Each structure stands twice: as structure tokens, then as C-alpha cells.
């Protein structure tokens, strides 16, 4: 990487760190009327899909309606283009700080980056020493987003198994590395929902976090007045899945992830309470609606 490019990268990471540091642990985002939030799951270096989403659903300064992009984390690892992808997304954050929200995923962390490619890719580009700047951005990224007035809770992993309030999450330290994560933070980044819709939670086969059952999910939702949880972290073959009687929506935005043959999906949350699930088409490069959930909005 040329010196000028390195200087531009330092500026980008410095600016992104400042913006990320201004967010609470849980971003409170109100949408209403004809506004919309496009929710994007794991991208893992797939900059082509990110650009496709941007072209179809986000027009930056031309976006007069106030529509937003909400990324659920996992921008890096498992792809040689992960540096390009995270830099592109951080540029969106810096350029449109009031319209773009970036959450932290479990792959925005040093020990995972050391095992799954991001650190190696930085070394190959001659910028391994810049990892500390990326890490500073990663640790400042919010852990969740709460969408009004639909009362939708968005995170990368899943809700904690403990009865936890959004106020509790907002008190969590901005910690960089896995060994220092508080349990609630660990779970927001690593937990999964029970695919079998069982009542009880149990330790995750990932070796970190829990697989969350209905009882603990219901407790968290009741404690925080939540109508729906939108999360990512798992590549289902169909690209998305509703769980627990459609209380949880899991999306994944990178197609054919690793050894999987999964579709790429996103969600569009509308101000009138409609939540659309859209799948990427291989024919016209457009996302099209494949499922819809309608939430009841108080007073509507």
C-alpha cells in the first residue's frame, strides 16, 4: 500500500473511531411514517453485495426520506477482500454518520481475526501494524440497536440468557478482546437461538455463549417491551429463518458462506410496522421480497 493510501486509511480509521465512540452500547433509532431501515447481516468481505444493497436502498445525500442502513456485524475474515469491505463500510459511516449504523459482530475481535484471515490479509497488504487502529474502531462499535416505534431489538448474536435490560447493556465497558468481555457482551455477539424452539437454554457448541431457548428469550423480550428480535450470525440455507413463532428473525447477507450454499437476505423495517425479508436475485442483481411480518404499532 502506498504512503498516501496509508495516510488516508489512518484518517478513515481515526474518524470512524470517533463516530463509533459517540454511540451508546445500544443505539436508539426512531423511524416513523414512510421511513425505512435496511438491516444487513454478515457480509464477511462480500463488498459486491454491500454495493448492491447501497445502490438499491440507499442514496446517501439524495436519501431525503431519512432511510438508514443498519449493519449487524461480521465485516471481516474468511475472504481476501475483507479489508476492502470493512473500509468501504467505514467510509459509509464517516460520510453519513446519521444514516448508517454499524454494530459489532463476533468477528470484530483480535483472536478471531488471528485465526480467520483478517490479520493475515493486513500483513499481506503491508499494514499489519495498523490492526490497532481497526481494533479501536471495533471495540467502540455499539452492541445492539433498538428500533422505535416497532420495539425491535437488533444484535449480531442473540439475546442474553440472564434477565437483562437495555439500561444494563448500556453500562457495559467498551472492551477490545474476548478474554475481557463481560458475559452479557459475549452473549450478544455469540449466542444463537434454539432452532428446535425448545424451552431451555444450554451452552453453545461454538464453545462460547449459549443456545437460547424460549423461556430466556421471552424473559428478555418482556423485560424490555420487545416485539421482535432481528439477528444474524448463522447462515441458514434459505438465507433467513423466523423462529419462536416469528419472534426472532435471523438473516445472513453473504451468499454461499464458507462451505454453505446459502442465499443472501436482508430485512427492511418500515415505519408502519411492516418487516420485509428480501432475497438477492442472481438474475438482475436486485433484492426481492420473499416474506413479510406485520407488527402492531401502538396508536396506529
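The values are calculated or read from the model by the stated rules, or taken from the named source; none is laboratory data. These numbers come from a predicted model, not from an experiment. For neighbour counting, all protein chains shown are included, and Cβ atoms are generated from backbone atoms with ideal geometry for every residue, glycine included.
Observations on the structure shown:
- In segment 147-169, the residues that are in contact (Cβ under 8 Å) with a residue 60 or more places away in the chain and buried (at least 21 other Cβ atoms within 10 Å of the Cβ): 147, 150, 152, 153, 154, 155, 156, 157, 158, 159, 160, 169
- Extreme residue, surrounded by the most Cβ atoms within 10 Å (Cβ to Cβ), among residues of segment 188-204 that are modelled with pLDDT of 95 or more and not in a strand (DSSP E or B): 188
- Residues located in segment 238-277, provided they are over 15 Å from the mean Cα position of the chain (by Cα) and over 29 Å from residue 199 (Cα atoms): 255, 256, 257, 258, 259, 261, 270, 271, 272
- Residues in segment 46-62 that are in a loop (DSSP other than H, G, I, E, B) and without any contact (Cβ under 8 Å) to a residue 60 or more places away in the chain: 58, 59.
- Count of segment 207-220 residues which are closer than 18 Å to residue 190 by Cα and part of a helix (DSSP H, G or I): 4
- Per-region count, segment 11-51, residues over 16 Å from the mean Cα position of the chain (by Cα), crowded, with 18+ Cβ neighbours inside 10 Å and closer than 17 Å to residue 268 by Cβ: 2
- Residue in segment 224-234 that is under 19 Å from residue 168 (Cα atoms), without any contact (Cβ under 8 Å) to a residue 60 or more places away in the chain and crowded, with 22+ Cβ neighbours inside 10 Å present: no
- Residue within segment 179-186 that is within 24 Å of residue 134 (Cβ to Cβ), over 16 Å from the mean Cα position of the chain (by Cα) and in a loop (DSSP other than H, G, I, E, B) present: yes
- Applying the condition of being in contact with a helix residue (DSSP H, G or I) (Cβ under 7 Å, 6 or more places away or on another chain) and part of a loop (DSSP other than H, G, I, E, B) to segment 260-285 and asking which residue is surrounded by the most Cβ atoms within 10 Å (Cβ to Cβ) yields 264.
- Selection from segment 234-253 of residues that are farther than 13 Å from residue 39 by Cα and either part of a loop (DSSP other than H, G, I, E, B) or at pLDDT below 95 (or both): 234, 235, 236, 237, 238, 239, 244, 245, 246, 247
- Close pairs (6 angstrom Cβ cut-off, 6 or more residues apart or separate chains): more than 10 Å from residue 139 (Cβ to Cβ) in segment 171-186, at pLDDT 95 or above and not in a loop (DSSP other than H, G, I, E, B) anywhere: 172/185; 178/111
- Any hit, segment 133-141, residues being touching a strand residue (DSSP E or B) at 6+ places or on another chain (Cβ under 7 Å), at negative phi and modelled with pLDDT of 95 or more: yes
- Some residue of segment 123-141 being outside any loop (DSSP other than H, G, I, E, B), touching a residue at least 24 places away in the same chain (Cβ under 8 Å) and loosely packed, with under 14 Cβ neighbours inside 10 Å: no
- If you go through segment 71-91 and keep only what is crowded, with 23+ Cβ neighbours inside 10 Å and not in a loop (DSSP other than H, G, I, E, B), you end up with 71, 82, 83, 86, 90.
- The residues listed here are 42, 28, 34, 11; of these, the one that is in a loop (DSSP other than H, G, I, E, B) and at pLDDT 90 or above is 42.
- Taking the criterion of being under 17 Å from residue 153 (Cβ atoms) and touching a residue at least 40 places away in the same chain (Cβ under 8 Å), the residues of segment 246-267 that qualify are 246, 248, 249, 250, 251, 267.
- Only residues that are in contact (Cβ under 8 Å) with a residue 60 or more places away in the chain and loosely packed, with under 14 Cβ neighbours inside 10 Å were counted across segment 286-295, and they come to 1.
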